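FYI, it's all coordinate maths here, none of it is from the lab. All values reported here derive from a predicted model rather than from experimental measurement. No Cβ is skipped: glycine too gets one built from the backbone with ideal geometry, and neighbour counts run over all protein chains shown.
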Amino acid sequence: MIGIKTAHLVGVDTWQIKGANTPFATLVGDAKEGGIPNYADPTDVPYGEIAGLEPAWLVSFSPDGYPLSGSTIYDSKRPVPDFWAERVVRACLRSRIDTDYLTWEAIVEITPETVSRLLGLDGTKCTTEVVGLLEAVFPPCTGEHVFFRELYPSYAFVLYIEPEAAFSKEYGSV
């Protein structure tokens, strides 16, 4: 078994915002009103409390190490399910609007030990736990959900694992 330096779950949630059968809105809580929800325009994106932390940058690099693009990501302070209570290090969100769609991206850092715990679960239970985490991290929305199955809600996601050491000096870090 390889040693794990960091592990991240990256999830995507997409909504149709123009020409949808149901009007789109992002649900936000108003702290002054005791958390009573109201609806905001999708361009006024709520990311949860920043809680004194500076927003972080997500930077994409070319294969030869040059930065290509960067975008701000914000801490999400939404509560996570009990299974994840001690397993989530940090959860961040960003949103993108492309033509008729709003896409939420969640980047959730999990403890390295959580990877072996997830691998010990059967496939259905593992997927259920990951979907439950993403459902908690993504802001609630109404409207036309693009990646959604009525009987089994799901999100597109990937588990990204960074090993402690490179697999091969010839190929560098993985």
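Modelled label positions at Thr103 and Val89, each set 7 Å beyond Cα in the direction of Cβ, lie 2.5 nm from each other.
A crude spin-label estimate for the pair Ala20 and Glu164, with each label 7 Å from Cα along the Cβ direction, gives 4.5 nm. Here the 3J(HN,Hα) profile of the range 124-135, calculated from phi with Karplus coefficients 6.51, -1.76 and 1.60 at θ = phi - 60°, is 5, 5, 4, 4, 4, 5, 5, 4, x, 5, 5, 4 Hz, Gly and Pro shown as x.
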